[in-house]
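Here is the structure we will look at, set down as structure tokens.
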Amino acid sequence: MVHRWGIALVALAVLAASCATAPSHVVIEIAADLVRENVGLVDAPPSPSPGCAPGESPAPLLVSLHPFVMEPAVWEDYGGLGAAAEARGFEVLTPRGSDPGPRWSVPGGLPGGPDDIGRVNGLIDELMRGSCIDRNRVFAAGFSAGAAMAVALGCAAPQRFTAVVASGGANLTDLCPESPGVDALILHGTADPVAPPTGSYVVFAPPLGLHIDSVVADHAARAGCTGELPVDSVAAGVERTAHSGCDTGVRVERWYMVGAGHTWAGATGDFEAVLGPTATSIAANDVALDFFESSHRSAA
């Protein structure tokens with residue numbers, strides 16, 4: 001276990017160092033801790049935030065969540081998710097996790113951490129007061145520890161987040177069977193050496209032993225899904241399983257990237273020696289944003 005912990009730290013440090021150049025995308029960071037306002041979301045979109053001027057069309061909001069030890073600007077330089085989202089008309093919030101790290105404090109993780117979930121919700125509240133956001137189109141996507149944070153946000157605030165996309169780390173936080181379902185797309189490399197799909201054994205990132213299939217099953221049960229559709233090959237080496245019979249408008253999908261390691265699909269970087277191969281037949285940015293653009297909150 002200590003050996004795997006060391007490999008994971010080295011791998012993520014290599015990834016962070018290799019991407020440490022200034023991105024063109026401007027990362028939104030709001031430093032103050034803010035109290036969440038518990039914005040209720042019961043109407044079909046659009047639902048303009050307080051920051052909207054009369055007649056202004058609200059934009060969808062993407063919360064882009066970095067991996068462990070990778071600063072937000074470095075994550076954006078590596079993955080490019082924020083820039084891709086802005087090109088499609090999204091507002092983008094790329095918050096920084098807590099120290100030491102930066103990391104994300106999630107349920108089932110290391111004990112005694114700060115309330116990162118409450119803090120991110122506070123940042124969203126502040127952004128909505130100053131920008132025109134559609135409160136019915138708020139999304140979270142992340143990679144590695146950021147994937148765990150995306151899942152945790154969907155668990156803790158399903159009334160806020162319409163959909164989440166988690167790649168390479170959805171199994172690094174607790175399940176939440178009592179929480180209402182949200183649209184969820186789980187991507188994972190079958191050869192991930194850091195967060196294995198059969199269960200994580202990384203010492204610094206408990207809980208241990210969560211299988212990706214159990215994470216997907218939890219999302220499906222929360223959404224009231226009653227079955228699975230046949231496995232669909234969406235691209236070379238990418239197998240999708242979608243659930244059926246879910247509550248109105250809710251989608252739950254698992255995409256296995258066969259032979260891929262602990263990387264963001266479609267991103268570039270010379271990390272295969274420590275993180276494994278990158279899936280190149282799909283681009284995680286496009287997959288995530290396509291999923292979000294087809295997600296809609298149903299009217300009550």
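The values are calculated or read from the model by the stated rules, or taken from the named source; none is laboratory data. Please read all numbers here as calculations on a predicted model, not as lab measurements. Neighbour counts are summed over all protein chains in view; Cβ atoms, including those assigned to glycine, are modelled from backbone coordinates with ideal geometry.
Computed quantities for the displayed model
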{"read-out": "Members of the stretch 62-107 found to be under 26 Å from CYS176 (Cβ atoms) and of a type in the set (Ser, Thr, Tyr), listed by number", "value": "SER64, THR94, SER98, SER105"}
{"read-out": "Residue check, SER179 modelled with pLDDT of 95 or more and either part of a loop (DSSP other than H, G, I, E, B) or hydroxyl-bearing (Ser, Thr, Tyr) (or both)", "value": "yes"}
{"read-out": "Single match in GLY266, GLY245, GLY249 (criterion: of a type in the set (Gly, Ala, Ser) and in contact (Cβ under 8 Å) with a residue 24 or more places away in the chain)", "value": "GLY249"}
{"read-out": "Residue, nearest to ASP183 (Cα to Cα), within the stretch 221-242, restricted to residues that are surrounded by 14 or more Cβ atoms within 10 Å (Cβ to Cβ) and in contact with a His (Cβ under 8 Å, 6 or more places away or on another chain)", "value": "ALA223"}
{"read-out": "Flag for LEU187 being part of a strand (DSSP E or B) and either touching a His at 6+ places or on another chain (Cβ under 9 Å) or modelled with pLDDT of 95 or more (or both)", "value": "yes"}
{"read-out": "Test: ASP192 is of a type in the set (D, E, K, R), crowded, with 24+ Cβ neighbours inside 10 Å, in contact (Cβ under 8 Å) with a residue 24 or more places away in the chain and out of contact with any Pro (no Cβ under 8 Å at 6 or more places or on another chain)", "value": "yes"}
{"read-out": "Residue within the stretch 259-270 that is surrounded by 14 or more Cβ atoms within 10 Å (Cβ to Cβ) and not in a loop (DSSP other than H, G, I, E, B) present", "value": "no"}
{"read-out": "Which numbered condition VAL234 misses (of (1) in a strand (DSSP E or B); (2) within 16 Å of ALA166 (Cβ to Cβ); (3) over 16 Å from the mean Cα position of the chain (by Cα))", "value": "(2)"}
{"read-out": "Scan of the stretch 98-154 for residues that are closer than 24 Å to ALA195 by Cα and basic (Lys, Arg), ordered by number", "value": "ARG103"}
{"read-out": "Residue in the stretch 276-297 that is aromatic (Phe, Trp, Tyr), in contact with a Phe, Trp or Tyr (Cβ under 8 Å, 6 or more places away or on another chain) and crowded, with 20+ Cβ neighbours inside 10 Å present", "value": "yes"}
{"read-out": "Selection status of PRO95, touching a Pro at 6+ places or on another chain (Cβ under 8 Å), buried (at least 20 other Cβ atoms within 10 Å of the Cβ) and under 14 Å from GLY142 (Cβ atoms)", "value": "yes"}
{"read-out": "Test: residue in the stretch 277-288 that is at pLDDT 95 or above, over 18 Å from the mean Cα position of the chain (by Cα) and not hydroxyl-bearing (Ser, Thr, Tyr)", "value": "yes"}
